[in-house]
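Read the structure below first, then the notes.
The values are calculated or read from the model by the stated rules, or taken from the named source; none is laboratory data. Nothing here was measured: the structure is a model prediction, and the numbers come from that model. FYI the Cβ positions are ideal-geometry reconstructions off the backbone, even for glycines, and counts take in every protein chain you see.
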């Protein structure tokens, strides 16, 4: 069975992403077609890229990086839940990707973005970043607006149409995650 990590890409206090990641997890888990797990960056205490060696070497000096490496290596695909900060992704998410290299290779990723404009620009930046570490990104994505999918910009109440969009994202990452399995095994 394919294993999918739902990566909560914000560590900001009071973040809206926790509710979004839980929504993704609840809907995905009902499908019964893969193993889904929320991965919260806050749980890994990743400092600002403090590894002395380049990630492609896989020679990690710090325990937090080794733990992060083991976690990411265990997945076949990902759903990134990201806000948009100043037209891009949070620095913590960028660092989390940059800490590793081989652990990302030949895996699939989809996106659930949230922000004033649905985080479309942040997702495009993340697509570009992930392509450089060998992640195949799918075309479908969920774009949640702080104005229409959050009451008072904080209480998550997604429009019903987003469930179909999320299912399309999940369908694509499962197909790609499975298709890329022979490359990961090699």
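Points worth noting:
- Some residue of the range 9-32 being in contact (Cβ under 8 Å) with a residue 40 or more places away in the chain, under 25 Å from residue 177 (Cα atoms), outside any helix (DSSP H, G or I) and under 16 Å from the mean Cα position of the chain (by Cα): yes
- The set of residues from the range 140-179 being part of a strand (DSSP E or B) and either in contact with a helix residue (DSSP H, G or I) (Cβ under 7 Å, 6 or more places away or on another chain) or surrounded by 21 or more Cβ atoms within 10 Å (Cβ to Cβ) (or both) comprises 140, 141, 142, 143, 144, 156.
- Residue 25 passes every criterion in (1) more than 16 Å from residue 127 (Cβ to Cβ); (2) crowded, with 19+ Cβ neighbours inside 10 Å apart from (2).
- Condition check for residue 127: at pLDDT below 95 and under 29 Å from residue 32 (Cα atoms): no
- Hits in the range 149-168 (condition: in contact with a strand residue (DSSP E or B) (Cβ under 8 Å, 6 or more places away or on another chain) and over 14 Å from residue 114 (Cβ atoms)): 168
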